[in-house]
1. What FRET efficiency comes out for A:Arg367 versus B:Leu47 if R0 is 25 angstrom and r is the Cβ-Cβ distance? Round to the nearest 0.05.
2. Rounded to the nearest 0.05, what FRET efficiency is calculated for A:Lys277 and B:Cys70 with R0 set to 60 Å and r the Cβ-Cβ distance?
3. Partner chain Cβ atoms within 10 Å, averaged over the residues of A:317-330 - can you pull that number for me?
4. Find the eigenvalues of the gyration tensor of the Cα atoms of region A:59-202, then list the square roots of 5 times those eigenvalues as equivalent ellipsoid semi-axes, largest first, in whole angstrom.
5. Over chain A, with a Gaussian network built from C-alpha contacts below 10 Å, which listed residue (A:Val428, A:Val216, A:Val112) shows the highest mean-square fluctuation?
6. Got a sec? How would A:Ser42, A:Ser406, A:Ser310 order by Cβ neighbour count within 10 Å, fewest to most?
7. Calculate how large, on average over all directions, the projected area of the Cα convex hull of the protein assembly as shown is; give the answer in nm² to one decimal.
8. Tally Lys and Arg at +1 and Asp and Glu at -1 over the other residues with C-beta under 9 Å from the C-beta of B:Ala175: what net charge comes out?
Amino acid sequence: MVELLATPPAWPTILLERAGAKDPTDLDAAVRTGAFEGLRRSIRDLGPTGTIATIAASGLRGRGGGGYPAAEKWRTAAQAEAPRRYVVANGYGADPAAATDRYLLEHDPFSVVEGAAIAAFAIGASDAIIAVRTEATESIRRLEAAIGAAEEAGFLGFDVLGSGHDLVMSVRPVQGAYMLGEETVLLKALEGKRGQPEQRPPYPAERGLYDMPTVVNNVQTLASVPWIVRNGADAFAAIGARTNGTILVQVRTPAGDGIAEVALGTPLREIVALGGKLPKGRSIKAVLIGGPSGGLLPPDLLDTGYDFESLRAVGAHVGSGSVVVADDRACVVDLARLLTRFCASEACGKTIPCRIGTRRLVEIADRVIDGRPRPTDMTLLTDLSADIVASALCDHERLTTLPLASGMRYFRPELDDHLLRSSCPAGVCHPIAVAAGAAS
Amino acid sequence: MSLIPGLGIVGGMAVTLRRFFEPKVTVKYPEDRRDPPHKFRGRLQLLYDEWGTLKCETCFQCAQACPIECIDMGGMDTRGRYHVHWGPPETYGERREESALRRSGRTVPDPAYRPFAAVNLGRVDAILDEFDHDPAHMLGILEAVQAAYGYLPVAALKRISNLTGAWYAMIYGTASYYAHLRFEPPTATEQVAAVNAHRPPEAAYLSALDASLAGGSGGGRSAGTGAPN
């Protein structure tokens, strides 16, 4: 179980407002602190279009990594002609190094349930599915308890709060593949098919689960929704720089790891500082942002804001919300190879650039680390990355190139040591297997 | 029919004469080539790589895409698992034998089930009843079957395919995609280890990440937090 990191008291809390509750599945206690107030307000005062307009005004964007405006998805799904609509809450949390979604589901299931209920009311969906990892038994248990309590109280089920709108909410445990974090893959898994992404457009908001308009939102996105409806779009828009609202991050440093809620746009330096001080005599060498397919950033970029655009601009992404700090014991090339290898082996194999191209990337990294690089390898790496990005079907494929590409962009001297001098500054890899006799 | 005698002959000769001056349809084949019809897809052929092994990964994507379900396959998959499936229309030899058996009044063995251990399919039927024979619940069906048998017997997959109407290729694709579903009995530990080596599980990634952060010593984070040696 990961613990919560202490954040400065001035930092806003939206997602973890009720996280300190003694029993997260106690509906009465949650209602006393404002749970389902947003749903009531949405149904009584705002109506479907008013709710969507409020979310649009708040500038809420998807917390799953893509950063797509939530209200756009809702509007598209609400306008599509269809006999049924679905809301899917993506709580899979694919990154093994980030338990943020799971933490949220365990500590405040009602915020996700309420957010999904508001989304379902706004788009006119009668089914809402919360997809969770099968391994996360505690989140499943608490979610089911929360849904049961909410149904009994009339917040879900038949004729929600007298609005005439019916809503069936269910928890669906899924497991077995890293790719399930991607929205179209998750929909495939819910349909009982093999988990491979679909060509977009049509987006799931037009044609998703069982070919019906489906809103797929991360659980953190949905957990922000009740707060927005309750406190107004302006209050939400006042939080965060460049992108509004807060997001959960998991900071992992050699000193320890934990989860924290940070406002989007917070400088990376402050987020990294949450993880505690590095061991004596160590300095930050690289920060991995965005999970296995994230970018490796050097310490002089730590003033970058943690938001979608700023991170994309420097070659990283919000991704799973994991921030991994590597000190000078780590070798960047070794780290990039590990990440690329994980991404390549977890690729679903649908498209050729991904299935074969990412393996070639791993082979290049292998060659560099083993000390037998080919003279063309760096050109090949650049070209191959560009080709994979250009022909990618899903974001996993596009972002798999990031660890090596950002490593090449920011840590070229270290890479050159491997390539030209057959030495690893961190002493991690042994690129001198062949020339061992010649070099010292 | 015609009132003027000989008109039919003239008409016929007119056709002959017209053909005489029309461009010829014969193509001098190797030099000139005609465009194939737009629906022509060529002969099905499996390609070999430079080491002489089949490039086919038995991913069944072609079988899923085939509009008339004529593609089917069998053999080893990419994880080194022996997994055979006979496609009914392709095995003409077996077909003929079967019809000969039928004509002589003997029982016809079902080739699909022969190479596999006999399994009692009653539990599959019960599971399918529970899931309403709905292919949309395929993942749940497969997980229940695996819970019942310990693995996914091919005969069970065929049974699911027969009763739900879902294509075998689709079911196989789903079953082979998810890492927690397996085709071997759980006793085959060495095969599970091989699968794990091929697809590192997430826990392995996490420990490798910690090891990499701690300088690749493999000691993990707990070893790294101590005094630097």
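Coordinate-derived values only; no laboratory data. Since the model is a prediction, treat every value here as computed from it, not as a measurement. Counting neighbours? That spans all protein chains shown, and the Cβs are built from the backbone with ideal geometry, glycine included.
1. With a Förster radius of 25 Å, E is 0.40.
2. The pair A:Lys277/B:Cys70 has a calculated efficiency of 0.35.
3. 2
4. Result for region A:59-202: semi-axes of 23, 20, 14 Å.
5. A:Val428
6. If I rank by nearby Cβ atoms, fewest first, I get A:Ser310, A:Ser406, A:Ser42.
7. Result: a mean projected hull area of 45.8 nm².
8. After counting each charged neighbour, the total is +2.
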